[in-house]
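The values are calculated or read from the model by the stated rules, or taken from the named source; none is laboratory data. The structure displayed is predicted, hence computed values, not measured ones. Quick reminder, even Gly has a Cβ in these numbers, built from the backbone with ideal geometry, and neighbours come from all protein chains shown. What goes into the accessible areas is simple: the full protein's heavy atoms, side chains included, and nothing from ligands, DNA or RNA. Shrake-Rupley method; radii C 1.70, N 1.55, O 1.52, S 1.80 Å.
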Amino acid sequence: MKNTNRIICILLCTIIIFQLTGCYSANKSTHYSFSGFYFNTVINITLYDLSNVPDPKALESEIKEICLHYESLFSRTVEGSDVDRINKSKGAPVTVSEETIEILERALYYCDITDGAFDITTAPLSILWNVEGEDPKVPDEGLISEALSHVDYHLISISGNAVTLQDPEAKIDLGAIAKGYIADKIRDFLKSKNIDHVLINLGGNVLCMGGKSNSEKINVGIRRPFDETGEAIVSASITDGSIVTSGSYERYFEENGRIYHHIMDPATGYPADSDLLSVTVFSPSSMDGDALSTALFVLGTEKGMELIDSMPDCCAVFVDSNYSVHYSKGCSKIPVKVIDE
């Protein structure tokens, strides 16, 4: 079948922003919102307070340059990016930017603490399965085994600014952490400009800073899995922090009545077959939330809950295959509730 879910995913983000209205006027300071297409998804950034923004258009251009810069470093599909050069190195050391070293080291930290449930060397599997392709199919079992033999984050060696893949056929993919990293960097840039009230939405990776104002939080909804109308299953009101969702309904195809999604299990070579439809992580850092949401989805509710409960600054909302919602302990600190209760 043709895979139309990538289009649906762009139109219906996993995180739904409620009451996001308004526009910019040269005669009256209100909020300013702009969009773009980066990292293979639609991004949207809203500035709620323009008191320190004399030229919103100029600021928009600066932020888009930041997006282009990081896309040129981290994208697996952009020719000449740091990741592209590493993947084509055939095991030779590759000198990369400080930013690439920074994100790789943080990614490897999450590979370690999740016992490989999060693994940035799953690119051979992602390429083979091609879930976002025009006509994806379940690959031959022998091809899956071959691709899986090159998946192991321990194959990545870092020395200074040099990165080496010890298996010449190994490849890395930062798709499960890069948007979070970039959202954090955009937030830091805006803070340096004394901009206090911002919503950063990088294709469903949402980062809030200061709420809409000092007295008004930002209301968000987590999309009900597989609901193409954009209906939310859980809502939350937050002032600061990141919200990232990973789910089987974001990008997938169907074959013989079974759904195959894009989140690969590094242990099996197949899409993760946990008891979950989605996991949403609330965290101070969007990079951390990005990596954790993927890892928790692969781990499943029980093991995932154990991991997230060990992190005092983070919490997670799990939606299982029966559409039951489960909250980690930390969710008691923020107003989160099931929509239809």
Using Cα positions and a limit of under 20 Å, work out the aspartates and glutamates in reach of Lys193, with same-chain residues fewer than 8 apart set aside. Asp49, Asp55, Glu60, Glu62, Glu65, Asp184, Asp240
Which whole-number percent is the relative contact order of the stretch 185-329 (Cα, under 8 Å, 6+ apart)? 17 percent
Is there a quick way to get the dipole size of the stretch 146-187? I mean about its Cα centre, with the Cβ of Lys and Arg at +1 and of Asp and Glu at -1; what is the value in debye to the nearest 20? 400 debye
Please enumerate, by chain and number, the lysines with C-alpha under 17 Å from the C-alpha of Lys137, excluding those fewer than 8 residues away in the same chain. Lys2
Burial order of peptide ranges 279-285, 107-113 (average beta-carbon count within 10 Å, highest first): 279-285, 107-113
Dipole size in debye (nearest 20) for the chain around its Cα centre, Lys and Arg Cβ +1, Asp and Glu Cβ -1? 1040 debye
Taking 0.36 nm per residue of separation and subtracting the Cα-Cα distance, what length does fully extending Arg85 through Ile66 add? 4.8 nm
Local charge sum around His69 (other residues, Cβ-Cβ under 12 Å, Lys/Arg +1, Asp/Glu -1)? -3
Gyration tensor over alpha-carbon atoms, the stretch 109-233, equivalent ellipsoid semi-axes in Å: 35, 23, 11
Past 24 Å, Cα to Cα, is the threshold; run Lys191/Lys329; Lys303/Lys329; Lys212/Lys329; Lys90/Lys303 against it and keep the listed order. Lys191/Lys329; Lys212/Lys329; Lys90/Lys303
Accessible-area composition of the stretch 142-233, carbon plus sulfur, in percent [1.4 Å probe]: 45 percent
Select from Ile233, Ser286, Val198 the residue farthest towards the positive end of the dipole of the stretch 148-296; place +1 on Cβ of Lys and Arg, -1 on Cβ of Asp and Glu, and compute about the Cα centre. Val198
Please give the per residue accessible area of the chain, computed with a probe of 1.4 Å over protein heavy atoms only, in Å². 44 Å²
P(r) of the chain over all Cα-Cα pairs, binned every 20 Å from zero, in whole percent: 31, 59, 10, 0
Between Asn161 and Glu231, what is the label-point separation in nm under the 7 Å Cα-to-beta-carbon projection? 5.3 nm
Which is the longest run of the chain containing none of the trypsin sites (Lys or Arg not before Pro) found in DSSP loop states (not H, G, I, E, B) with at most 14 other C-beta atoms within 10 Å? 194-341
How big is Rg to Rh over the stretch 281-330, alpha-carbon atoms, Rh as the Kirkwood inverse-mean-distance radius? 0.93
Considering the alpha-carbon set of the stretch 102-176 alone, what are its Rg and its Dmax in angstrom? 13.3, 42
